[in-house]
1. Working only within region 83-118, note down all residues that are under 19 Å from THR54 (Cβ atoms) and of a type in the set (D, E, K, R).
2. From the list ALA102, ALA128, which residue is out of contact with any Gly (no Cβ under 8 Å at 6 or more places or on another chain), loosely packed, with under 14 Cβ neighbours inside 10 Å, closer than 30 Å to GLY188 by Cα and modelled with pLDDT of 95 or more?
3. Go through ASP95, ASP82, ASP77, ASP69 for me and flag whichever is among the acidic types (Asp, Glu), crowded, with 18+ Cβ neighbours inside 10 Å and at negative phi.
4. Cβ contacts < 7 Å: first residue modelled with pLDDT of 95 or more, restricted to region 156-179; second residue surrounded by fewer than 18 Cβ atoms within 10 Å (Cβ to Cβ) and among the acidic types (Asp, Glu), any location; separation 6+ or different chain. Result?
5. Between THR141, THR136, which is under 29 Å from GLN168 (Cα atoms), of a type in the set (Val, Ile, Thr), touching a His at 6+ places or on another chain (Cβ under 7 Å) and crowded, with 17+ Cβ neighbours inside 10 Å?
6. If you take the residues in region 101-133 that are in contact with a helix residue (DSSP H, G or I) (Cβ under 8 Å, 6 or more places away or on another chain) and aliphatic (A, V, I, L, M), which one is nearest to ASP69 (Cα to Cα)?
Amino acid sequence: MKNIVILISGRGSNMEAIVAAQTAERWPARIAAVISNKPEASGLAFAQSHGIPTAVVDHRAYPERDAFDAALQQTVDSFAPDLVVLAGFMRVLTDGFVDHYAQRMINVHPSLLPSFPGLKTHQRALEAGVKLHGATIHFVTAELDLGPILLQGVVPVKAGDDPETLRQRVLAIEHQIYPRAVRWFVEGRVSVAGGLASLTPPEPQWWFATEQA
């Protein structure tokens, strides 16, 4: 039975999708905790309503990033995680924190990496004129948004899209692919070699949107 710790900063809609999938599909894992850097994060109430332990490590209480990450790491480790899932966790983590969870911490990024790392991905995708956009589940490394890619979800870019309509379409596919990637890890199917993530047995590591509204 693997322990999953999920980090959020707000509602945590991807966290909700993972909890729902774990409950419905009965993975050999449990959501050991949901942790936020903001005590007002609404996702904490959702987790508590599902019987999931929660904790808060308020980054505003720590003047230095290293001190915050050390406190966060101590809290995360108290739940003995096999996998740490970043689900809308809006903090850039220090190299030491990332290294501590090497190959057992994953994140979702709202673009088809390596295109459009960083911020304002939907605006940049529209400005570039791409016809396909999407989201990437990747392992977290010290290089921002450059960790091994585990799974990508693809959505169309439509005439008349603006950053908000595109964001909503990408978020919908995030909710489809993030639970899938977490389940692969839980089932022990994921390996990383040479900077590439692969599955055993192999299956497509991409997903096209089932809802293209």
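The values are calculated or read from the model by the stated rules, or taken from the named source; none is laboratory data. Remember, it's a predicted structure, so these values are computed and weren't measured experimentally. Reconstructed Cβ throughout: ideal geometry from the backbone, glycine too, with neighbour counts over all protein chains shown.
1. ARG91, the sole residue that qualifies.
2. Unique residue meeting the criteria: ALA102.
3. After applying the criteria, what remains is ASP69.
4. ALA172/GLU211
5. Only one candidate passes the filter, namely THR136.
6. MET105
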